[in-house]
Structure formats: structure tokens, C-alpha cells
Amino acid sequence: MAIDILIKNAICVSHNGIEPSDVAIKDDIIVAIGHLDNLEAEEVIDATGLHLMPGVIDTQVHFREPGDNAKEDLQSGSRAAVMGGVTAAFEMPNAKPLTTTAKALNDNVKRATNHMWCDFAFYVGASSKNAKNLHKLERLPGCCGIKISMGASTGDLVVNDDQKLADILSNGTRRIAIHAEDNDRLIERKNLSEEGGVTQHPVWHDAKVTYMATDRILEIARRTGRPIHLLHVSTENEMALLAAYKDVASVEVTPQHLNLSAPECYEELGTYAQMNPPIRDEAERIGLWKALSAGIVDVLGSGHSPQDKELKALPYPQSPSGMPGVQTMLPIMLDQVNKGFLSMERLVDLTSSGPARLFNIAGKGRLAVGYDADLTLVDLKRKWTIEEDWLQSKCGWSPFTGRQIIGKPVGTFVRGKKVMWEGTLAEEATGQPIRFQDTLNG
């Protein structure tokens, strides 16, 4: 059998565990795994010393297009993604216009096709205006599901009334992503942000802000029987609560919350450490790692939300919340593998098989015959420093700039196309909409 690409001598991380193996790719698909000495290929890649894992799926990014293209756009954001080993990304709905209608969703899919470097899907934002149509919107091509913001979001996307939340959860079947911050408490505590600078951010957006919202949405999810996905969980108490609702709730945590802590991050980075929900103290960071080890955490998401340096330089609270993260998510977590905080198998579960399982992604998330050849090759032992000249996001900065780490993505394949190799991009972008088992027939 003649094939397109043969990856030789890789250390494969798959359903078989971690073992040396070769991988053959033909027509976008993995067609063979094993010791493949007798195959002929148009291109042979010697991956000796490299770990080969299923392509990383980032289920929370903000690439800002349309409407905020000066901060980021679909091409620059996805360029950062593949440079960091990410092969597929879910884009959030707070663009301009908001992704709350079929027209806006279809426009986004058209913009992204063959323009993004990785494959993609878009959340539809829930609001009181489109609640009755969500069961139709969630089934459109290129849609990964519905997103609800209970606080700290844009205009019509804030839904904080329990009855409206129940109406939304009762209309449709697919897993709903939730930004859980209690909007009323944020409004009540806004005055706390006005003195003391950015160190007040986790005081204003305190742990009770997230716990109250999480507690409410979990009860509604249980009552309506609707699966939900809690984004960027930031406190140990939320994790303990979520452990009792695993029948209806899945859990995301970000590398930022796992790797940064207050007050040091605010002292070192100032407003560049400002995000929602906020980076909290060391005890909370340790609590998140405990939840990850216990299996409460289902996926990692970057929460990539770039802001330009000029806006970040504004005095708090005029400075906007948000950090880039899609390019650094995998490298930062590879460093944690090397430090012994998680295994490669668990990392694959958090970044590939976990997202595919939760969102019923078709043909992705496994290093297995018959699946899309979405592959990430990493040098687990490479020592390097994250520098600004490596970053691809338009914002040009990272909270991890200057950090010395071990472990680096060196190759990214999207449906068998080598889109990044040793820091060099392919000649053209070929991103396509992600397919979902829930909606294969529309």
C-alpha cells in the first residue's frame, strides 16, 4: 500500500499506552500503526526521540473575529494554536456581531474555512432573545454547542436569571458551556475594584462569586437533565461541589490557574495577570491540582483571550481582563509532566480524548486507525525559554514569557497535513469545520 506520510520510530501515546511505533497516513486518515517497515510513502519522517500524541483540542478560545481584529483574528489565533501543537479549537461567541444567530454562525464558518490553520467549531451564545431557537442553532454545521455567560461578559450574552437559565437548558440536548460568575454579586462588589489596583481583582471577583453561580447552574442542570460544561473553574470549593454532579457536569481548568497564584502574579505581571475568573492564591492553585489528580477535571482549555499591550497598560479596573494562552497551553503542561505532576497519558486525556468524549467529536481525539490524522509531536526533553519572538498572537505577549521549561511541540499535523514543523508553518491554511456525532445528519 502506497501512503502519503510515514512517521517512523515515534514514542506513541495511545490506547495501548506509551510504546515505540510507526504511524501511516493516507488521504487525511491514520491507516496503520505498528512496525511498518514494508510500507512505501511519499514522505518519511524520522521521529526518533519524539512523543507522538493525538492532536490537542482547545475547547475555549477567543480569536476576536469579527469585530476586534486588531487584537486577534481567526488566522493569527489559529497560527498560534498550531505553533503550540493545537489541531482544533472551539471559538467563543462574544464577537461583533455576537454569534447568536444562524447568519452570524454561517458567516464565521465561511470566514474560517481554509483560512484558519487548525480545524474549528463555534459556540452559539445563549441569550433571552434566542432561547427558543437554540435547539435548532446547536445543530448547524460548525457549531460545537451553546455557551452561557452568567456574568462578566458582553451585553445580551449575560444571562443571570434562574428562570431564563432553566428555559435555555430545557431547549436542546447538547452540552452547554458555562461561564459561572454571579452577575448580581459582581455589581454589588464593583466598588471594591476602585482602590488598591489590580490586586483587588480577586477581591472583587471573589470565590463566592463563582461558587454561587456554579451552585445555581448545577441545580438547574440536574433538574432539567441537561449536560453542562463548567469553564475555567478557579476554586477548590467549586471542585468539591462539582464532584457531586458529575452525572450532569464536566469541568475545565486552565494552565493559567494551575501555574500562577496571587499575590505574586499581580506583583510580577500587574494587569497582565488580570482574567475572569481571576488567578487566586496558592491554596486555591493547589486545590485545583488536587481536583485534577482526583479526576474531577475533565479537560484543559486555554481560555485564550488576548488583549493588546496599550489596553493592558490602563490603570485597573479600566484595564481589560484576558490573557493569551492557546500557544503556551501544551508547552506549560509538558513542563508539568517533566516535573511529575501528571503523566503523558493523563495529559492526552485532558487535551484530546477528553474533549472528543465530552463533545462527541467525530473522528478526532484518538491515535487510532480510521481517525483523522490530527497529530502533535513533542520533544519531551527539550529545554527552552518562552520568548516573545516565538509567539504568534497579535497581542505579542504571554504571562509565561521568560519562563524556562522542558518540553516543546515540534510538529503539528491537521488531517494529515504538516502545518507546523520545528517552528515553520506550512505554505497555506486548510482549516475545516469539526464534525460532531450529534449532528452528522444535520
- Query: Of all the stretches in the chain, which is the longest one without any exposed loop site, taking GluC sites (Glu not before Pro) in a DSSP loop (any state but H, G, I, E, B) with at most 14 other Cβ atoms within 10 Å?
  - Reply: 1-193
- Message: Run the reach check for Lys394 against lysines, Cα to Cα strictly under 17 Å, same-chain hits fewer than 8 apart removed. What comes back?
- Response: Lys71, Lys309, Lys312
- Message: So if the hydrodynamic radius of region 308-401 is defined as the Kirkwood radius over C-alpha pairs, what does Stokes-Einstein give as its diffusion coefficient at 10 °C and 1.306 mPa s, in µm² per second?
- Response: 100 µm²/s
- Query: What does the charge count near Arg64 come to, summing +1 for each Lys or Arg and -1 for each Asp or Glu among other residues with Cβ under 11 Å from its Cβ?
  - Reply: -3
- Message: Placing one identical point scatterer on every Cα of region 362-442 and ignoring solvent, what is log10 I(q)/I(0) from the Debye formula at q = 0.11, 0.13, 0.24, 0.27 Å⁻¹?
- Response: -0.43, -0.58, -1.18, -1.27
- Message: Using DSSP H assignments, which helices in the chain have an axial alpha-carbon span of 24 Å or above and a mean Kyte-Doolittle hydropathy of -0.5 or higher?
- Response: 207-224
- Message: Between region 304-359 and region 90-122, what is the separation of their alpha carbon centroids in Å?
- Response: 21 Å
- Query: Cα-based count: Lys pairs in region 110-214 below 21 Å, eight or more positions apart or different chains?
  - Reply: 10
- Query: Could you give the distance between the Cα centres of region 171-206 and region 267-295, to the whole Å?
  - Reply: 15 Å
- Please compute the Cα-Cα pair-distance distribution of the chain with 20 Å bins starting at 0, giving whole percents from short to long. 27, 60, 13, 0
- What relative contact order, as a whole-number percentage, does region 57-359 give when Cα pairs under 8 Å and 6 or more residues apart are counted? 18 percent
- Message: With only alpha-carbon pairs counted, each pair once and no self-pairs, how large is the Kirkwood hydrodynamic radius of region 220-332 in angstroms?
- Response: 14.9 Å
- Message: Give me P(r) over region 1-99, computed from all C-alpha to C-alpha distances, binned every 10 Å, as integer percentages.
- Response: 14, 33, 25, 18, 9, 0
- Between Lys381 and Asn237, the FRET efficiency computed from the C-beta separation at R0 = 51 Å comes out, to the nearest 0.05, as 0.85
- Relative contact order of region 150-287, defined on C-alpha pairs under 8 angstrom at six or more residues apart (%): 25 percent
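Rule-based calculations on the coordinates, nothing more; no lab input. Nothing here was measured: the structure is a model prediction, and the numbers come from that model. Note: ideal-geometry Cβ built from the backbone for every residue, glycine included; neighbour counts use all protein chains shown.
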